[in-house]
Structures are given as structure tokens and as C-alpha cells.
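The values are calculated or read from the model by the stated rules, or taken from the named source; none is laboratory data. Predicted model only: the values in this text are computed from it and were never measured. We place every Cβ from the backbone using ideal geometry, glycine too, and count neighbours over all the protein chains shown.
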Amino acid sequence: PNRDQWSMTPPTVNAYYSPTKNEVIFPAGILQSPFYTRNHPKAVNFGGIGVMVGHELTHAFDDQGREYDKDGNLRPWWKNSSVEAFKQHTQCLVEQYGNY
């Protein structure tokens, strides 16, 4: 993958996980309120950005991200038992939220 190519423009207020690069990308636009404000206490800024980091990191282990290894290669690396457990837990969530 070309490390100089981004999927978003710098002013975009968002973030994303790239499975082929195995990294979280934060365009400059995310570093503004409500996620980050220069005069806010560090804890508030860490919380705002931390939520975004945590959310994006989960994509490394979702139904698509789990297909890529630590080097960004499309290669299954989970044990079959882990895949089955993931599917069961995912189906449980689908059923639970499907009731609303």
C-alpha cells in the first residue's frame, strides 16, 4: 500500500482504520471541537480523541478487519474456534437488537 495515499481529505472531521496498512488515520480536521480543543483540560481531550481511537481500533477485529494480518496482508489468522465464537457473539447481538 502507498503510505502517502489517504482515503479522506485533511479537513475531514472523521477517522478511519486501514486494514491494509494496519493503522488508524486521523485527518487534521478531527483535531477540533468537540473531539479536541486546545484550551480544554487534557482529560477531556484524551477522552474525545480516545473514543475515536477505540472505535477505529475495533475495526481491526470486525468481520472485515479480522481478515488481514498484522502486516496488512489479506490472510486469515484467527483460529477456526475464534471465528465460530465471533459469529455466535455477533448473531447474539443481531438477535438482541433485532427485537427493538
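Taking the stretch 73-100 as the range and being modelled with pLDDT of 95 or more and under 26 Å from residue 26 (Cβ atoms) as the test, the residues that pass are 73, 74.
The numbered conditions (1) surrounded by 13 or more Cβ atoms within 10 Å (Cβ to Cβ); (2) out of contact with any helix residue (DSSP H, G or I) (no Cβ under 8 Å at 6 or more places or on another chain) are all true for residue 15 except (2).
One residue alone among 72, 65 is at negative phi and not hydrophobic (A, V, I, L, M, F, W, C), and that residue is 65. When the residues of the stretch 18-65 are filtered to those that are surrounded by fewer than 15 Cβ atoms within 10 Å (Cβ to Cβ) and of a type in the set (Phe, Trp, Tyr), the one that is nearest to the chain's Cα centre (by Cα) is 61.
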